[in-house]
Each structure stands twice: as structure tokens, then as C-alpha cells.
Protein chains: 2
Amino acid sequence: MSDSLFFVPVAEFNRVRNLNTGAFERAALVADLCRLNTLSMIAYAGSGHIGSSFSSLDIVAWLFLNELEPQPGKANGSGDLYFSSKGHDAPGLYAAMIACGQLAPEGLRKLRRLGGLPGHPDVGTPHMITNTGSLGMGISKAKGMAFADRLHGRRRRIIVMTGDGELQEGQIWESLVSAANHRLGEITVIVDHNKLQSDVRVSDTSDLGDLEAKFAAFGWHVARCDGHDFASLSAALDKVRDVSDRPRVIIADTVKGKGVSFMESASLGPAHELYRYHSGAPSPEDYARAADELIARTNRALDLAGAEPLRLDSDKRPPRTAPKDPDKLVAAYTDALIAEAGRDSRIVALDGDLVLDTGLIPFRERFPDRFLECGIAEQDMISQAGGMALQGLIPVAHSFACFLAARPVEQIYNNASERTKVIYVGSLAGAIPGGPGHSHQAVNDISVLSAIPGLELVEPCCAAEVGPLLQYLLREARGSGYLRLVSVPCEVPYSLPPAYKPQPGIGVELRPGTDAVVIGYGPVLLPQAWLAANELGERSGLEVAVVNLPWLSRIDHDWLRKTIDNRRAVFTLDNHLVGGGQGRMIAAAIAELGLDVPPAVRRFGLSDFPACGQNDEVLRAHGLDAGSLAGAFRQALAT
Amino acid sequence: MSDSLFFVPVAEFNRVRNLNTGAFERAALVADLCRLNTLSMIAYAGSGHIGSSFSSLDIVAWLFLNELEPQPGKANGSGDLYFSSKGHDAPGLYAAMIACGQLAPEGLRKLRRLGGLPGHPDVGTPHMITNTGSLGMGISKAKGMAFADRLHGRRRRIIVMTGDGELQEGQIWESLVSAANHRLGEITVIVDHNKLQSDVRVSDTSDLGDLEAKFAAFGWHVARCDGHDFASLSAALDKVRDVSDRPRVIIADTVKGKGVSFMESASLGPAHELYRYHSGAPSPEDYARAADELIARTNRALDLAGAEPLRLDSDKRPPRTAPKDPDKLVAAYTDALIAEAGRDSRIVALDGDLVLDTGLIPFRERFPDRFLECGIAEQDMISQAGGMALQGLIPVAHSFACFLAARPVEQIYNNASERTKVIYVGSLAGAIPGGPGHSHQAVNDISVLSAIPGLELVEPCCAAEVGPLLQYLLREARGSGYLRLVSVPCEVPYSLPPAYKPQPGIGVELRPGTDAVVIGYGPVLLPQAWLAANELGERSGLEVAVVNLPWLSRIDHDWLRKTIDNRRAVFTLDNHLVGGGQGRMIAAAIAELGLDVPPAVRRFGLSDFPACGQNDEVLRAHGLDAGSLAGAFRQALAT
């Protein structure tokens, strides 16, 4: 199997744009060339969203070539704005931006790399209008831009692409009302209605019903089109262009994965069959088949236009190094939840459109009546959990930590005020994986939740700690719990004592050491601390103890006193913003111990929004890799 | 003017319920008696929501008397559930619950009192189904209850009252989708469509458009009725009772303040005229007029039914002690914002249906084109602000801190990731006023926001500090800012130095002292600390310095070192949950100073959800009044 990945040079885009051919043919060609670059950049990066990029690329190509004024790449300045509210179609958008010269082609090899093109749109990238990736915000943002335009006496179009699953988010419906009341005709929304969300059909997750009637009821002018038929699309754009006194929405029927036959979602079978190309790099076999198809179709079109075939660049697919025998905490969680649910029939699970990622598919199969899919509607999910808890169930609500501890905060607080038991499970926690970008790297969740009365926050440091912590939350904790889970497979060099049972506020020593002690949590940074301690022990003769404290918002003062006794320094280690994580709690507790000879205290963690890049790049960028930590520990102990 | 307040004894409710009269007449009588008790309990308490209680009371009375199975008060157990999603009509609901015997009549004198009836519904109150006051959660909660019912093999009705302004909240529209898809026929929503939100017309704030079409588009069965005409209401309830395969909504046209002629909103004039009976106790004159009207109408009805006139209890209206010459921080903010906007035309203001409370009416009058009312839609408001900031404006977004730092957290984080400048102003901050209850007492906002990169959190300790801090955020801070404002008028015994200019991370000594130093912020607790320090100085010879640190999430280590130098103890003081406030930052910083002889450190603040009660009750309940603080300081210094 070849390792080659094929990229379309900018010169080929220019050649295609100057072909003597019709607008529809040109757009189709450009879109397919963008598809190839999208596919290749994702294959090169090792992750990215193919399906959603492909379903929207025909629309994006048409907008870029024929609709936006000025044409992107032709001129700078205050012309029409286009951006994607859903954000995960970023690779496709990048391909289009590279094609028209807005972005340098080097970006094709730098998707999700430090200093490259972020996994979700960020304004640090030239010509990127706004940060998306957190769903449902785009129409609101467009309204703010329109308000600014009107204040500045300017009027131009703002075109916003949304997903269809995204329309489950309440903010979307909040945002429609004033757009209509204020007659924001400058706004056009295009819904990439590819009928799937994440890996499953929208209609199975949370059927959107009659979308046209809904938008119309909210006062918007509605058009519909085939998002892969340029005649249909351009007619819809023409139709809405004439309506200037109301905001406009074009519902574009599309196919997720459109453009590569076996990646198209139309063949998805019965409910619960998973779509395979939502996120993630294609296998080498899939890549080769897909690239062949795209190249072949493009060359046929070029031939029909009397032009030379494609001249492509090629690059080797970078080798991937997978962890050798990693701990997989979400898989451990899946088993633990099923075990707990088997012994306590009150336990039910709720999910927010992430059932594959949150590890809930086996639970759903085992306990179908006790599983509730809520769609991309975190506020609704959390308050439903609250209602269940009031009626004697033990609801366990799941999402990515970046969403769970940010979208439904008022709802979590309200539930806690009722003093029932609700368990919240936030996966994808922390700065890793670094590829998706800051919308997905959860580094503020501990700060948001840690002060809420009756809510216990815990994070396991290895697969073996998942079950015991979940058990504690379900069986022993009096109130609610937040279980923070790292999703990436991690090599974990330590192990917990046999018959380990978590004790509230008490940690466990993973590695002894008399000079200093580093206290942290989780399977990403504790291994780094372990390696750093080993390095210091071998090279500098310094012995740094490594302690796992899985309790993120409480600490036992007696245990802390014993743990830091006679150590010259205490280092805390947060896979989180350092201003609001576990480390701040530990440092405050040390101050309150009233020690005669307190240790030096230094806190480690993120001090800015997390960088986007490969996992090792991201750790290094924030000084949290073993080498950086070893240097910092050594320096602290030298003074 | 009489000081008498008139209460309807339970015996009179029983008499009326047993009258030989028709169901409509009985319901009207019961509703009016509830209105009198509602009016009187609010007058007795000094605050509460009249308009919304009155608009919903006819519906509530009808439900209680004729619709809910079993009739409330008749039997306990798993019968139909009723609750109000909007929550602020709690006084009316309490009156109905007292009327039917679910609550003891002593509650009439204990609205918003410690140990009494909370300002917004809390499950600590007997028969209260769920905590509301945070808007938009009720339908979601009902769905969770229905899920639990179905799992338990039970089916019963769940009736949820919503407001109409509440329908601007995105969570409402999130919650409608699965209710329809899952055919949750057990749920009936009644919209108290009184056309006003807070103090102004819904149609002026954010017109809801065609509500029936909207609900129908979301798959709900829709009925409409006159919420004050029992024939119309009962017909609507009959109509929806037959529809069991879909959730049902009854849009009840009502009048805010219905039942007392001059309190009814139908006479509201042109846009921007404020409705006067949304919240707050009635003036003695208004009380007397309203009570006379209700009593007269009730006695006419009793006479028509051949019954004796009302026999009422009466009580004196408790005297109110108003602060003598208080600082009013929101008023100071109003002036400061206008001054800043006058010098920088980029500044614009956004509001979320709280324009009177947030002090924005003068700004709106002065700069109408630079003011945007967003309605009860915080997520939408914040992302609009983000869009404005991207386009070069400086948006200042306002709401109560309890909502601002809880509903749109993901949106605030997303804005911050764009590294623009957005200013957030959260008023009603802290545990005071204590009357509304925990849904409104903002004690978690610092924790939620303090770690977000590029977001500066500040709180002024007196009216004179408001302008300088706002200026700092607007003119000097590089990124975004959060200005936390206490809304209650506060007597402030200290003053800032002349020509005071806030320096980042640096505080200002308000009172000297060599034994210990208390560091805090805000005009509620610093005066308590001041009084406590005075008491200790006079009685115990201990000199405790009082220092104002208006920076909630950053501190200058050199300044801190000098401030605590040679003090035996440092006390931190948070008008916030102690686990996540400024005090934790200070304690952590002390640990990191590396002092040879560190002081004892003790943190003060709330350690549980805030109590509901009068302001002084609440402070005492949490040990934050001057007397409690003095005792705690003394004890700490004695050891």
C-alpha cells in the first residue's frame, strides 16, 4: 500500500479557474480539487472531519467563485463575510482558502500542527472571521457584526454556514428572533442539511421535524435547494438575494461525505449503524480508493474541457507512533458504568450526540430503556437529568468536558441546589488531544465547577482508577459528582496499590522522593511528572515524589501535611488552566496548614488558551512535557 | 395611612370552597383571596413579584381546584405534578398552596425570610416540585420526570407554567424537540402570556411573533385561551386532555397584575414606559387601594352567593429601615458608563431584559443607536457582543451576575479566545439581596470566570471606585473585563484616597492594623470587616487592618508581601463561595511567596448555597456579619 498523499498545487487551481468552461463545471472542478486537498490534509494530519467538509464544499466553492463580493483572494477590505458556525468543516474551508490564495499552501501539511491550521477555525489564521467549533454561536455573531456594520454606516452580506445537528442547540433559536425583528437582511444562513450528526442520523438522534416551517415561524425567509446541484443552489441564492428586509435561510440538502462514493452517507443502514467518516483520518486503503476516485473524476472533467490532466504534488504520509500498551480510560469507564448499572437499577445514562466518543454504545445496547439520547442540547439534557434525579433515578449525563462544563453551567448549578444526585461525565478532558483546538481542549472545567456545593470533582490517573472513582461517586458520595476523563490512550508507567480504594481528599504516592513532591492527576501529566522525576533522579540526584490526587476540589489537610512534610518544594500539576485548577486549591491549603517551615510552592499548568497541535507539541508548548518539567523542578530546587 | 395588612385565614378559604356556588365563581373567589394574601405577603416581606403572580393566579386556582389529580392538599403521593418554570410567581403559588393546606399559613408572614418561604421556589419547601427562578428549565425538567415515570411504569400529568418572556430562552426551544419526538403527552405547558417581561412589553423587548405557529412547527399540540376566563381556560384544558400522543401547550392570554385595576398592564403606554408592579413591595397607598378593591370585589361575590363577608386577620406592616446615606453602585455605574461612552464612540451596550436594574435606561436615552436590547437570551447576547468586538466596537454586556456568569459561559470563553475586548457587567452580585433566593444570589461567578485567559475580574467597594475600575477595563486593560457590581444600597464607612487610581493586582488600605489584615472586596462585606475591626480594637485591643483588593483574579506578589508583612494572621473575605473566590487566590499566592514566617491564613465566605432571607439574616446565617467576623478574628488571633 502506497504511502503517498496527493496535493493539488495552487497553480492547478489557477489553471482550472481560467479554463474555458461553464460556471457549474468550474465550481464542480474546484470543489473536487478542494476535496482532494481536504482528504490529503486530513490524512497527513492524522485527524479531521471529512464527511462534513465534503458535504459543504460544493456550497463553499460556489460562494467563493461566484457569490462573495469581492471574490476571496482578489481583494482585502470590508467585503462580504463568510464563515462556518459549525466549525468542524474547517479542512474544507482551508482548502478553499488555499485554492483562492487567502492561505499559503504550506498549510496543507500543517493541519492541526503547532503554528499551522487549527482543527477548528481561529481568528489567528489569516482571513478567518471568527472562532467556531463550539456550536450554535454563528448566527448570534453575525448579528453582532451586522449591528457594527449598521453603526458604521456600512451594509454588506454576512453568510453563515450551519450544520443541521447544530440546530438542536437552543442558542440558534434564541438568535433567530431578533434577526427577524430587526430585519437583518444582511444575514444569510445556509444549513448544510446532510442529515447526520456525528456518526448517526439526525432523525434518529433528535428529529428536527419540519425545518422550513420552524424557520418561517420565526420570521425568516426560507429557501431550499440541493446543495450539490449548482443550478439549484444558485437559484436559491438568487431568490434570497432579492429579499432584503428579512434574514434568509437556505436549507441545502446535502450528503455527508459527498464526492467519494463509499464515503457518502446515503447508504447508512438501520438506526444505530455508525457513519464512518465523521472524524478521523482515512485508513490507507480508504485514502487510496477515495483519492483515485477524485482524481479520476477530475481528470475526466478536465478532458471534457479539453485541458491537460492534473499535475499533483505528492508527499509521504507521516508515520504514526501509537502508544504501545496504553490505558484507555473511556473503555474502562464503559465497563464500570455497565457494572454499576447492573447492580443499581436507578442508574440511567444521558448523552449529547457523542455516544461513540463517550463510550455509551454498549450501555445503550444493554439497557436501552435506561438510555436517553438528547442530541446537541446540553442545557436540555442537564435539566432533564435534574428532573430524573428529583424522581428517584440516578442520572449520569455525558458530553465532552469542554461543552459539559461550559454550556449548561446554570443548569448544573440549579440541579445542585436541589441536593439530588446527578453524575456528570466529561470526557476529552484537558489539553490533549491537541488537534481539534481550544474549542475542544477542556481546560476551564475545574474552575467552573469546583466551588459548587455538593458537587465532587474527580479525575482518574489510569484505567484502573476509573471504576473505583465512579463507584465512589455513585455509592458513597452524598451529593452529585463530576468525573473528568481523558480520552486519548495514554502510556501509564505507574500502577495503583492493590485493592486501592479512593478516600475523599486523599491521594496516593506513585513514586517516592524526599526532596520534593509533585501532586497532580490524570493519565497525561502524571506520566510526564514520573519521567521528569526519573530524569532528575538519574542525572541530578534529586528525588521527587510523584503523588496522584484524584480529588480536584477537596483535600484532606492531615494527609497533605504528611505528604509534604520535610519536602523542600511542592509542585502542583494541572492539565487545566493553572489559575483555576487543583493546584490553586493545594497551594491555598498549604497556606492554611500553618506550617512552621513551609515548602516552596510552584504551580504548573496552562497559562493561556491551549495551543493547537500534535499532542507532544502541545505539551512542550506549555512546558508540561517531561523535559520541561524536569528543568523547572531542578531550577526550583536549586534556589 | 394605615399600617395594616390584611390576610385571609385558612378557615375562610375552606368556607369559600364549600360555598354553594358554581365552579367558575368559586375559582374566581379563591383566586381573589389568593391575590389578597399574595399582595399582603409581599407587602409584609418588602419585596416580591406582584404582576406575575396576579396574572397566573386564575390559572393556578383553577388547576388546584378542578384539574390536578388528586386535588392539592387532599392526598399525598404520586399524583399530577404542577410547577412554575418562571418561578417568580412564587408568592401567588404559595398563596394557593396555603389556601389548600399544603403549606402552613405562618408562611404568609415569612416570605423571603430565613426559614420561611423562599423568594423563588425551592424543594426545601413542602410540596415544591423543583427549583426554578433560573428561566427556561421547566420543560426540560418535566421531560426528565416523565422519563422517570415511564421507567417506573407510571403515567400522570405534569403541568408546567412558563412566562412569555421566558420563551426567549434558547433552552425552551431545545426542550420542545424531544418532547414531540418522544410523544410526551403527559406534559402540558401553560404559557402565562401577559405580554410583559420585567417592566416592559415583550413585543418591545423581543417580539415573540406567532407563538402558536412556533409551537406547532415544533410538533406540539397548541391551544389558546383567555387566562382569566374560566370557561375559556377549562375548554382549553378539556381540548388538550384528549390529545395524549403529543405534548400540549396552552397559550393563555393574561394581563400582568390582573385583579387590581391600576396594577393591570393593559394601560401601559408607549414603548419604554415601565410597568410598575413587576417586582417590589407596593407603596402603602397602592397597598390600601389594591386591598380595598380585592376585598370589595370578594365581598360582592360572597353576598351574591348569600354568604357572610370576609373575616380577615390583620397585621402591622413591619417597619423598614433604609440605609441612611448609602452608596448606590449601579447609579454610579450608569454615570461612569455614559462618561466613557461620551469619550469613546466604539462603546455600545447590550442588555438582557434587565434595563431598569442594570442602570441602562439613561444610556439608552442618550445613545439609542448604541444600545441593543437582547431579551432573555444571554447566550445570544454574549455572542452578539463577540461579533461586535470582532468588528471594532467595544461591547459592554449586562445582566445579573447569577445569569451572566452561568448561562453564557461557553460564549464568554469563546469570545475570550478571539482576544478582542468585551466588557461584562454582572450586577446583583453576591449573597445580598437575600430575598430572591439562590437562583439570584450570585456566589459562583468568580469561580466560573477567574481562570479565563485575558479576562480581568474586578469589583468596586464603594460608589467612588466604580468609575475608576470601569475606566481601567475600558482604557487600560488589554483584553476583556468583568465588572462585578453589588446592587443593594450599602452604607460604606470608609473612603478611598483622593485621586485613587486602581493598579492591577494591588489593593488599598482602608483601615490600618498591625496584628492582622483582612483582605476583601465590595460594599457588603468590607463594611462588615470594618465594623468587626472597630469592635476588636475597642474591646480586645487587637488591631486588624482592612484592605480593599478590587482585583478578583490577580494579585501583585510584592504588594501582597508588604501588606501581610509581620501580621500574625491574614483573613480573606469573599461575598462568594469560599471554595472559588478571591480568597483562594490570595491564600495560594501567600503559599507561593516563600515567606520564612508565614501568617496564619483563614478564608471567609459562603460554604453552601446562600440562605434566603432578609439581608442581615443572610449575613448572620453565613457568619459574615460584623459580630460573627469579630468573633472569628479574635479566636484566630488567640491561637
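The values are calculated or read from the model by the stated rules, or taken from the named source; none is laboratory data. What you are looking at is a predicted structure, and each value in this text was computed from that prediction instead of being measured. Here Cβ is always computed from backbone atoms with ideal geometry, including for glycine, and neighbour counts include all displayed protein chains. Keep in mind that these areas ignore ligands, DNA and RNA; they rest on the heavy atoms of the full protein, side chains included. Shrake-Rupley method; radii C 1.70, N 1.55, O 1.52, S 1.80 Å.
Within the shell of other residues whose beta carbon sits under 14 angstrom from the beta carbon of residue B:251, the net charge comes to -3, with Lys and Arg scored +1 and Asp and Glu -1.
Our summary gives chain A a relative contact order of 12 percent, counting only alpha carbon pairs under 8 angstrom and 6 or more residues apart. Could you please state how large a percent of the accessible area of region A:169-292 is carbon and sulfur, counting protein chains only and using a 1.4 Å probe? Ligands and nucleic acids excluded, carbon and sulfur give 47 percent.
Region B:455-482 and region B:380-421 have their alpha-carbon centroids 16 Å apart.
Other protein chain C-beta atoms within 10 Å of residue C-beta, averaged over A:177-190: 3.
For the protein assembly as shown, a crude dipole built from +1 on the beta carbon of Lys and Arg and -1 on the beta carbon of Asp and Glu, taken about the Cα centre, is about 780 debye to the nearest 20. Grab the other residues whose beta carbon is less than 12 angstrom from that of residue B:548, score K and R as +1, D and E as -1, and report the net. Local net charge: -2.
Partners of residue B:110 within straight-line reach, counting lysines whose Cα lies under 16 Å from its Cα and excluding those fewer than 8 residues away in the same chain: B:316. For region A:409-486, the relative contact order comes to 44 percent (Cα pairs under 8 Å, sequence separation of at least 6).
Counting charges near residue B:395 (Lys, Arg +1; Asp, Glu -1) among other residues having Cβ under 10 Å from its Cβ returns a value of +3. On association of chains A and B, roughly 8100 Å² of accessible area becomes buried (total for both chains; probe 1.4 Å).
In region B:443-467, the residues whose accessible area drops by at least 30 square angstrom when the other protein chains are added to the isolated chain are B:444, B:447, B:448, B:451, B:453; the probe is 1.4 Å and only protein heavy atoms count.
Evaluated with a Cβ-only charge set (Lys, Arg +1; Asp, Glu -1), region A:358-504 carries a dipole of roughly 300 debye about its Cα centre, given to the nearest 20. Region A:515-582 and region B:187-255 have their alpha-carbon centroids 58 Å apart.
Beta bridges from DSSP with both residues in chain B: antiparallel share about 15 percent, rounded to the nearest 5. The equivalent ellipsoid that matches the C-alpha gyration tensor of the protein assembly as shown spans semi-axes of 48, 41, 29 angstrom, in descending order.
Sorted from closest to farthest, the other copies place their residue B:2 label points 9.7 nm away, with each point set 7 Å from Cα along Cα→Cβ.
Plainly put, the tip 7 Å out from Cα toward Cβ on residue A:464 is 6.3 nm from that tip on each other copy, the closest given first. With both residues required to sit in region B:492-639, DSSP beta bridges show an antiparallel share near 15%.
Given an 8 Å cut-off on Cα distances and at least 6 residues of separation, report the relative contact order of region A:1-126 as a percent. Taking the mean separation of contacting Cα pairs over the length of region A:1-126, I get 28 percent. Bridges between two residues of the protein assembly as shown, per DSSP, are antiparallel at a rate of about 15%.
Going through the DSSP H helices of chain B, which span 27 Å or more along their own axis at the Cα atoms while scoring at least 0.5 as a mean Kyte-Doolittle hydropathy? Helix filter hits for chain B: B:23-45. With the charge dipole of the protein assembly as shown set up from +1 on Lys and Arg Cβ and -1 on Asp and Glu Cβ about the Cα centre, the Cα lying farthest toward the positive end among the listed residues B:473, B:261, B:47 is that of B:473.
Checking a compactness column here: for region A:110-217, what do you get for Rg(Cα) / (2.2 N^0.38 Å), N being the number of residues?
The value comes to 1.20.
Note on residue A:261/residue B:369: beta-carbon distance plugged into 1/(1 + (r/R0)^6) with R0 of 56 Å gives a FRET efficiency of 0.55. Histogrammed with a bin width of 10 Å, the alpha carbon distances of chain A distribute as 3, 16, 24, 24, 18, 10, 4, 1, 0 percent, first bin at zero. For residue B:117, the amide hydrogen comes within under 5 Å of the amide hydrogens of B:110, B:111, B:112, counting only partners 5 or more places away or on other chains and with H modelled in the peptide plane. How would region B:200-351 be classified by its alpha-carbon gyration tensor: rounded, prolate or oblate, with rounded meaning a/c under 1.5 and the a/b versus b/c comparison settling the rest? In terms of gyration-tensor shape, oblate. Which listed residue (A:280, A:251, A:219) has the Cα farthest towards the positive end of the charge dipole for region A:212-315, taking +1 on Lys and Arg C-beta and -1 on Asp and Glu C-beta about the Cα centre? Value computed over the given set: A:219. Computed about the Cα centre, the dipole magnitude for region B:151-288 is approximately 780 debye when only Lys and Arg (+1) and Asp and Glu (-1) carry charge, each at its Cβ. Remark on region B:132-277: Rg and Dmax equal 15.9, 53 Å (Cα only).
Quick one: Cα centre-to-centre distance for region B:590-630 and region B:102-179, in angstrom? When both Cα centres are located, 32 Å separates them. Mean residue ellipticity, 222 nm, helices only, chain A: the sum of -39500 (n - 2.57) across DSSP H runs of n ≥ 4, divided by residue count and rounded to 500, is -11500 deg cm²/dmol.
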